[in-house]
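The block underneath contains the structure these notes are about, expressed in structure tokens.
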Amino acid sequence: MSAGNLYIQDRVMKKKFFRAFIFALVCASAWLFEDSFPRTAFGQKSVLKTSRARQRNTPKTNLIIAGQGAGGLLLGDSREKSIARFGRLDTEYDYNLKTKFNCPARKELRFLDTKDETNPFFMDYGNGAWVFLIDDQVAQIKIQSEKFKTPEGLTVGSTPQQVRRFYRNIRTFVELNSQCECTGGRNLIFWVDRERGIAFEFQYWRDAKARRLSSLFVFKPNTEFLPEGCVYLETQGWREIAPFSLEAPRGMQEEWERENNIY
């Protein structure tokens, strides 16, 4: 083979190697870029393999992060940040009532999402975000809208089975005397993961003929959880029941009524 042919063959091989190198580099960069975004449990990558830093809220997301916040609003943030995040403030209340639980004075900010009427009881209570502040800092966030989801994809309307799949360290409570037409005629049930700082409220949905996730709460991990910051024991009961229960034991409501001279 002549020197000229060897030179040409050498140049061709170098070009092929260079192209293969560039292609491999582009593929590796794309893989790393794609891997930098957390995917929900309904995607190809498990959230459990995603680093904690990657799960943090940003103002551009509608994530509910246990023990941290929701939709970019973090526990510990101010009233001003709450309004900046959720937009128009619908109502604002101040609570400073003496109760058997000695609940601290708190402020409630309610942001209704009138464009997302996903909750079957929207006409009674609306939906959206409720922010509860103690000493001017966000202490609890309640979410009642399909626009907000946990990293696992849990949101309003999720089934108890879906919640149990991802949250196994659950204590269960019933709020006695909370039944009304707006809750499907049954008491509210709460599954609470105290260590992670998240709680799930289940109402009975008549159209589904079953319990469905109706609200999600974010609170400081390893602290006592009470829905909306307080339970008024003068008119309602707060009892722990078997983990993952969806109904109170038979007779518990009636027993509580007799003990408290209700009705």
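Taking each residue of segment 147-161 that is surrounded by 16 or more Cβ atoms within 10 Å (Cβ to Cβ) and looking for partners that are of a type in the set (K, R) with beta-carbon atoms closer than 6 Å, six or more apart or interchain, yields T155/K149; P160/R211.
If I filter segment 183-208 down to residues being out of contact with any strand residue (DSSP E or B) (no Cβ under 8 Å at 6 or more places or on another chain) and at pLDDT below 95, which single residue comes out as surrounded by the fewest Cβ atoms within 10 Å (Cβ to Cβ)? In this case the residue turns out to be D207. Looking only at residues in segment 172-182 that are hydrophobic (A, V, I, L, M, F, W, C) and in a strand (DSSP E or B), the one that is modelled with the lowest pLDDT is L176. Within segment 75-87, being within 24 Å of N222 (Cα to Cα) and surrounded by fewer than 17 Cβ atoms within 10 Å (Cβ to Cβ) holds for G76, S78, R79.
If you filter segment 213-256 down to residues that are part of a loop (DSSP other than H, G, I, E, B), of a type in the set (D, E, K, R) and over 18 Å from the mean Cα position of the chain (by Cα), you find that the one that is surrounded by the most Cβ atoms within 10 Å (Cβ to Cβ) is E247.
The values are calculated or read from the model by the stated rules, or taken from the named source; none is laboratory data. Since this is a predicted model, take the numbers as computed values, not measurements. Virtual Cβ from ideal backbone geometry, glycine too; neighbours counted across all protein chains shown.
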